[in-house]
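Student: Got a structure here, written out as structure tokens. Questions coming.
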Amino acid sequence: MSDKITILGFAGSLRKGSYNKSLLKASGGLTPGNSEMETFDLEGIPPFNQDMENSMPEKVKEFKRKIKAADAILIVTPEHNYSVPGVLKNAIDWASRPYGDNAFDGKPAAIMSASPGILGGARGQYQLRQIMVFLNMFPLNKPELFVNFAHQKFDEKGNLTDEKTKEYIKGMLDALVTWTKKLKADTK
């Protein structure tokens, strides 16, 4: 194992002005020194079709390769209708198929969300945790990160301006790196 932990981050939103995409971007600049983050844009992943799972589109193959190569996963997701957005669920479905080739299997993960509302996407995160059970992922339990009133914490260009939120992100990413190293040591 390399000393440096690699994190693959992606946002469950396609919207250009998405607070969650902005949160992912901010997270990339706040990783601990013993880690690095690569991001992946879900734009272009077609709707899941099980008839195509053995001849996947190139965008899906690329996504699966990047998941498998990463030591840990960071998912930044909005909440839609008390759950995860369809675009995120769709990407997860592709990456976990065909049966026996689940790219997420055994991966440590952290979840963040941003919302203009008071709960900051909490219900979507809890739905994602349920999905992770089936995927055999190991989500970080604490700290949790819900960016509420996101419209007050990002500027008009999508830059994170709230210093407390930056500290929370640093804390979560540090905990993810520690969690990933622990899980890797436990599997030796």
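The values are calculated or read from the model by the stated rules, or taken from the named source; none is laboratory data. Small disclaimer: the values here were computed from a predicted structure and weren't measured. Methodologically, a virtual Cβ is constructed for each residue, glycine included, from the backbone with ideal geometry; neighbour enumeration extends over all protein chains shown.
Student: Among the residues of region 134-146, is there at least one that is in contact with a helix residue (DSSP H, G or I) (Cβ under 6 Å, 6 or more places away or on another chain) and farther than 23 Å from A175 by Cα?
Tutor: No, that holds for no residue.
Student: Here's another thing I want to ask about it. Taking region 66-99 on its own, how many of its residues are surrounded by fewer than 19 Cβ atoms within 10 Å (Cβ to Cβ), among the hydroxyl-bearing types (S, T, Y) and free of Cβ contacts under 8 Å to residues at least 40 places away in the same chain?
Tutor: Let us first name the residues in region 66-99 that are surrounded by fewer than 19 Cβ atoms within 10 Å (Cβ to Cβ), namely 66, 68-69, 80-83, 86, 89-90, 93, 98-99.
Still in the running and among the hydroxyl-bearing types (S, T, Y): 82-83, 99.
From what's left, free of Cβ contacts under 8 Å to residues at least 40 places away in the same chain: 99.
Matching residues across region 66-99 total 1.
Student: Does V76 satisfy the condition of being of a type in the set (V, I, T) and over 19 Å from E144 (Cβ atoms)?
Tutor: Against the criterion (of a type in the set (V, I, T) and over 19 Å from E144 (Cβ atoms)), V76 does not qualify.
Student: Need pairs with beta-carbon distance below 7 Å; first residue within 15 Å of R97 (Cβ to Cβ) and within region 130-145, second of a type in the set (K, R) and at pLDDT below 95; sequence gap 6+ or separate chains.
Tutor: none
Student: Within the bounds of region 114-127, is there any residue that is aliphatic (A, V, I, L, M) and free of Cβ contacts under 8 Å to residues at least 24 places away in the same chain?
Tutor: No, because not a single residue in region 114-127 is aliphatic (A, V, I, L, M) and free of Cβ contacts under 8 Å to residues at least 24 places away in the same chain.
Student: Looking at (1) in a helix (DSSP H, G or I); (2) more than 15 Å from the chain's Cα centre (by Cα); (3) at pLDDT below 95, can you tell me which one G124 breaks?
Tutor: Only one criterion is unmet by G124, namely (2).
Student: Kindly indicate whether any position in region 154-162 is on the phi < 0 side of the Ramachandran plot and small (G, A, S).
Tutor: So far as region 154-162 goes, no, none of its residues is on the phi < 0 side of the Ramachandran plot and small (G, A, S).
Student: Turning to a different aspect of this structure: If you check V60 against the conditions, is it within 28 Å of N148 (Cα to Cα) and among the hydrophobic types (A, V, I, L, M, F, W, C)?
Tutor: On the way: within 28 Å of N148 (Cα to Cα): no; among the hydrophobic types (A, V, I, L, M, F, W, C): yes.
No; evaluated as a whole, the condition is false for this residue.
Student: Which of (1) out of contact with any helix residue (DSSP H, G or I) (no Cβ under 8 Å at 6 or more places or on another chain); (2) closer than 26 Å to K66 by Cβ; (3) modelled with pLDDT of 95 or more; (4) surrounded by fewer than 19 Cβ atoms within 10 Å (Cβ to Cβ) does E167 not meet, given it meets every other one?
Tutor: Answer for E167: the failing condition is (2).
Student: Going by the conditions given, is D174 at pLDDT 95 or above, within 27 Å of A185 (Cβ to Cβ), out of contact with any Cys (no Cβ under 6 Å at 6 or more places or on another chain) and not in a helix (DSSP H, G or I)?
Tutor: So D174 does not fit the description; no.
Student: How about region 91-105: which of its residues are of a type in the set (D, E, K, R) and not in a helix (DSSP H, G or I)?
Tutor: Passing the criteria: R97, D101, D105.
Student: All but one of (1) out of contact with any Asp or Glu (no Cβ under 9 Å at 6 or more places or on another chain); (2) surrounded by fewer than 20 Cβ atoms within 10 Å (Cβ to Cβ); (3) under 30 Å from S55 (Cβ atoms); (4) not small (G, A, S) hold for N136; which doesn't?
Tutor: (1) is the only condition that N136 fails.
Student: Regarding region 35-48, can at least one residue be identified that is at positive phi and either touching a Lys or Arg at 6+ places or on another chain (Cβ under 6 Å) or in a helix (DSSP H, G or I) (or both)?
Tutor: yes
Student: Surrounded by 18 or more Cβ atoms within 10 Å (Cβ to Cβ), out of contact with any Cys (no Cβ under 6 Å at 6 or more places or on another chain) and closer than 12 Å to S113 by Cα: does that describe L42?
Tutor: no
Student: If a residue must be within 22 Å of K170 (Cα to Cα), over 12 Å from the mean Cα position of the chain (by Cα) and not polar (S, T, N, Q), how many such residues does region 100-117 contain? Talk me through it step by step, then tell me what you get.
Tutor: So the first thing to find is which residues in region 100-117 are within 22 Å of K170 (Cα to Cα), and the list is 107-116.
Filter once more, so that each one left must be over 12 Å from the mean Cα position of the chain (by Cα): 114-116.
Those left that are additionally not polar (S, T, N, Q): 114, 116.
The total comes to 2.
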